[in-house]
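Readers should treat all values here as calculations from the given coordinates under stated rules, not as data from a laboratory. Just so you know, these numbers come straight off a predicted model, no measurement behind them. Here the Cβ is made from the backbone with ideal geometry for all residues, glycine too, and neighbour counts use every protein chain on show.
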């Protein structure tokens, strides 16, 4: 193998067939932690001297190198210094907090324009992560114009003085689609993700109503619902449910958004039946408690192993009738 010599941390190996020496650097030991380096510097400032190595049970060379680096650079950090100053990092933080939709590339261009220092987008991301700012997607919401905001405010002002006796006589109604394979949105871990079927594997459209007295009549619809079909639902399903609430009953439906609810045929039928209709703001938030009841119903239907539309209709009808009155007495939309 040749002659081997180790001196000053260098391995020298003489090759027998050529007579040349081959040099290799020895491996460095384990890097000291930052806390340990700070303790070495603190003891050095206290004037402990050569006793530092014995106190901390370290080699004299490790202590000497740490003190030399601190005297030379003013820091115990070993490696490339930070590219961004503390002022530039605060500038990046202000830019990100001022406009959360700014990309890392846009912030990098702004930093370079302001300070003349070229910065990569990855450096911006790392800096923001250290600060605690991470990228995210904005939530979607309906576009509310000033007229929508005014109508919602007027609705709240008109209804804030109503007592629970008034709300107990309100018949809430809504339509929804229930898929054969439920795809309920939820925030879950990676081990809770499951396979889904496109378009739900088939679905049914359901119209239903509820009040504080419990669920009303539910009705399945086929095809696109128009004004004539909606009038048939009002005659067959809405009227019996409204009669249970007495003369003070108030009917609620989406009277400003859906064309079939605002059609002349529907309006004439409601006037003929002498139904008191609640004014409902367009593009309103989830004020209708039936939305919450649909969510509960879909969670219950998901527990069944249905394989066709007929079984789905039977399960929906059965679970709708099983809904306890307590679920309808205190709707979350009115708490």
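Let a ≥ b ≥ c be the square roots of the eigenvalues of the Cα gyration tensor of the range 201-328; is it rounded (a/c under 1.5), or, if not, prolate (a/b larger than b/c) or oblate? Cα axes put the range 201-328 in the prolate bin. Each of 217, 111 was scored by other Cβ atoms within 10 Å of its Cβ. Listed from fewest to most, they are 217, 111.
Overall shape: oblate for the range 214-274, with the ratio a/c of the largest to smallest alpha carbon gyration tensor axis at 1.5 or above and b/c at least equal to a/b.
With R₀ set to 22 Å, the beta-carbon distance separating residue 317 from residue 235 gives a calculated FRET efficiency near 0.65. Judged by the ratio a/c of the largest to the smallest principal axis of the C-alpha gyration tensor, the range 43-86 counts as prolate, that ratio being 1.5 or greater while a/b is larger than b/c.
On the principal axes of its alpha carbon atoms, the range 86-131 extends 22, 20, 17 Å, with the longest extent given first. Among 178, 309, the order by Cβ neighbours within 10 angstrom, fewest to most, reads 309, 178. Sorting 292, 129 from the fewest to the most surrounding beta carbons within 10 angstrom yields 129, 292.
Measuring between their Cα centroids, the range 29-46 and the range 281-315 lie 64 Å from each other.
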